[in-house]
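Structure record follows, encoded as structure tokens.
The values are calculated or read from the model by the stated rules, or taken from the named source; none is laboratory data. No experiment lies behind these values; they were computed from the predicted model shown. Glycine gets a Cβ as well: all are built from the backbone with ideal geometry, and neighbour counts include every protein chain shown.
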Amino acid sequence: MSIQKLIDTYAHWLKEEIVFKKMGEFYEITTPFYNNANDCIQIYIRLEGETVLFTDDGYTLNPLYMTGFQLAPAQKKALDSILRQYGVTLNGNALETKSSIETFAQRKHLFLQAIMRVDAFLSDVCLMT
């Protein structure tokens, strides 16, 4: 079997595992990637003409803040650095980013990476406290 066939098999599997449904003005996309709670990562996408808005609707940060935990200034600075690295902003507790239609695939990939990175960071922060 060739490496190209293996990559094609993975790409096919990934496509089959992604589930989406319309929810009002957003599409909920469930991915085969898991967070630290062992839940599938879900993102929400809204089409705004030629722009695509991505949000996690607060699902990455809310569990931490619902416990009353607050990030220390150095931890907040580290979180901001992670978000900048992936071109993601914070809107309340929601992680967000935007893309054009043309850059949707790459931006979606980076947004998912950002969520996984923030989730891992928050897990580490909680372990240290």
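Assorted remarks:
- Whichever residue in segment 35-52 is buried (at least 16 other Cβ atoms within 10 Å of the Cβ) and at pLDDT 95 or above and, among such residues, is farthest from Leu122 (Cα to Cα): Val52
- All positions within segment 44-82 that are in a helix (DSSP H, G or I), closer than 16 Å to Ala94 by Cβ and in contact with a helix residue (DSSP H, G or I) (Cβ under 7 Å, 6 or more places away or on another chain): Leu64, Leu79, Ile82
- In this structure, Leu83 does not satisfy being within 16 Å of Thr31 (Cβ to Cβ) and touching a strand residue (DSSP E or B) at 6+ places or on another chain (Cβ under 7 Å).
- Scope segment 9-25; condition under 14 Å from Lys108 (Cβ atoms) and either in contact (Cβ under 8 Å) with a residue 24 or more places away in the chain or not in a helix (DSSP H, G or I) (or both); matching residues: Ile18, Phe20
- Residue within segment 70-77 that is more than 21 Å from Met23 (Cα to Cα), without any contact (Cβ under 8 Å) to a residue 60 or more places away in the chain, crowded, with 16+ Cβ neighbours inside 10 Å and polar (S, T, N, Q) present: yes
- Of all residues in segment 83-129 being among the hydroxyl-bearing types (Ser, Thr, Tyr) and assigned to a helix (DSSP H, G or I), the one that is farthest from the chain's Cα centre (by Cα): Ser123
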